[in-house]
Amino acid sequence: MPQTPARVLIIDDDVSTIRLMADALSSEYEVVIATQAEEGFVQALNLRPDLILLDVVMPDINGFDLCRKLKADARTQPIPVIFVSALDTVTEQARGFELGGVDYITKPVEFPILLARVKTHTRLYRQTLQLESLAATDPLTGLANRRKFDECIQHEVARANRKRCSIALLIIDIDDFKPFNDHYGHGKGDDCLVRVARLLRQCVSRATDTVSRLGGEEFGVVLPDTDSEGAVSLANDIVTFFNEEKITHHYATQHDYLTVSIGVGILDYSALGDALIDPRSLIDVADEALYHAKESGRNCSKTRFLQQSFHNSVANAP
Ligand SMILES: [Mg+2]
C-alpha cells in the first residue's frame, strides 16, 4: 500500500541549521519547521508529525523542557523525539534519553547519520501506529473491536464521572442470526455482518460516538454526553432503519427480513448523587435492557437506567 511521506518537524532557533537539515530531508520527507519551542509544541499538536528533531539550547523554553511537555500530553506523547544539539557530553545525552528522547545527534550534524536515524525512527513509528490500529480493529467489519470498546467505555465513563455528564450505551444484537448462518452459510453470514456494520455506521453520525463489534452478532455504541431522550431516539431510529432496509432473512421468526434488538443503558448523574460509576455497571444495565427487548418479542429497543440497580452496581466516592 503506498504511504504518504513521513512528516518531520524540526524545532531549532538557528535558521541556518533548520535550512541545512530541511534540505537534506526534503526529498524523502515532508518537512515542517518551528523556530521556537512554544510554536513547535503547537505544530506537534496540530500536525502530528512522525518524528521531531529537537534542538536543546533555545531561548525561553529549552529542548529538554519542551520534550518533557510533549511526553506529558497524551496527544503528543507517542511521537518520537530525536535531540539535535551541540551539547555533546554523556550527561546531556543521557538526560535526553531519560526525558523520553529516542536518539541524540550531535552538532555539527553529519547528514548520513541524520538520514539513517530519521529513516529508522519514522519507519518504526509508522509500524507502531499500524499495529495499534490493527489491534483495535475488528478484521471482518472494520469497526472498533472488543478491546477498543473496553478502552473506550473505560475512558468515557471516567470522563463522565469527572464531569458529571450523562452517558449512554447501546448494545445491538441481530435477531435470529443463528438460523441465518445455518441456512445461508457462514460466508453469507459474514457478508451480513459487514452490511449491518455499515448500516450502523450510517445511523451513528457524531464523531464522538464509537461503534464496535463486541463479538458474534453483537455490536456496541458508546454515546458520550447523551441523555435518555437522545439515546432512545437513536435506538428507535436504528430499529426502524432495519425494518426499512429489509435485508432478506427467510428463516427469521417474525418477518422475512433481518431485524435487531437493542438494549439502551443510561447513566444519569442527576439521580446518582456524587457516586462514582464503574463502566461494568453501565454494560450490565444495557445487557439487562437487551434481555428485556428479546423477551418482549425482539425487533425493538428497551431502556434501563443505572439507578434501578443502584445498590449493587455503584461504588461510592471515597
Ligand atoms: Mg539552539
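The values are calculated or read from the model by the stated rules, or taken from the named source; none is laboratory data. On a predicted model such as this, the values are computed, not experimentally measured, just so you know. Side chains included, ligands, DNA and RNA excluded: accessible areas come from the protein's heavy atoms. Shrake-Rupley method; radii C 1.70, N 1.55, O 1.52, S 1.80 Å.
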*In the stretch 187-237, if every C-alpha pair distance is counted and binned at 5 Å from zero, what percent goes to each bin?*
4, 19, 28, 25, 14, 7, 3, 1
*Using only the Cα atoms of the stretch 7-131, construct the convex hull and provide its projected area averaged over every direction, in square nanometres to one decimal.*
6.9 nm²
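Please give the per residue accessible area of the stretch 7-131, computed with a probe of 1.4 Å over protein heavy atoms only, in Å². Walk me through the numbers before you get to the answer.
Values: 6290 Å² over 125 residues.
Spelled out: the 1.4 Å probe surface of the stretch 7-131, per residue, equals 50 Å².
Select from the chain the helices, each a whole stretch of DSSP H, whose alpha-carbon atoms run 20 Å or more along the helix axis and whose Kyte-Doolittle mean is at least -0.5; answer none if there are none.
On the way: long enough: 111-135 (36 Å, 0.04); 146-163 (25 Å, -1.61); 186-203 (25 Å, -0.29); 228-245 (25 Å, 0.12); 279-295 (24 Å, -0.45).
Taking the DSSP H segments of the chain (at least 20 Å long, mean hydropathy at least -0.5), we get 111-135, 186-203, 228-245, 279-295.
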*Starting from the Cα of residue 178, draw a straight line to each of the lysines and keep only those under 29 Å, dropping any in the same chain fewer than 8 residues away.*
148, 188, 246, 294, 302
*How about residue 71: which lysines have a C-alpha closer than 22 Å to its C-alpha, ignoring those fewer than 8 places off in the same chain?*
119
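Given a cut-off of 23 Å, what percent of all Cα-Cα pairs of the chain lie beyond it?
Working: 32842 of 50403 pairs.
Looking at the chain, the distances longer than 23 Å represent 65 percent of pairs.
Relative to the compact globular guide of 2.2 N^0.38 Å, what is the alpha carbon radius of gyration of the stretch 146-315, as a ratio?
Details: Rg = 16.0 Å, N = 170, 2.2 N^0.38 = 15.5 Å.
My calculation over the Cα atoms of the stretch 146-315 gives 1.03.
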*What value does the stretch 26-69 have for Rg/Rh, both radii from Cα atoms and Rh as Kirkwood defines it?*
0.97
*Near residue 163, which aspartates and glutamates are there with a Cα under 17 Å away, not counting those fewer than 8 places off in the same chain?*
225, 227, 268, 274, 278
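State the three equivalent ellipsoid semi-axes of the stretch 83-207, derived from the C-alpha gyration tensor as the square roots of 5 times its eigenvalues, in descending order and whole Å. Before the final figure, lay out the partial values.
Values: eigenvalues 455, 98, 23 Å².
They are 48, 22, 11 Å, listed largest first.
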*Ignoring everything but the protein chains, give the 1.4 Å probe accessible area of residue 48 in square angstrom, nearest 10.*
120 Å²
_How large is the accessible surface of residue 182 in square angstrom, using a 1.4 angstrom probe and rounding to the nearest 10?_
100 Å²
_With all protein chains modelled, accessible area of residue 213 [1.4 Å, Å²]_ = 40 Å²
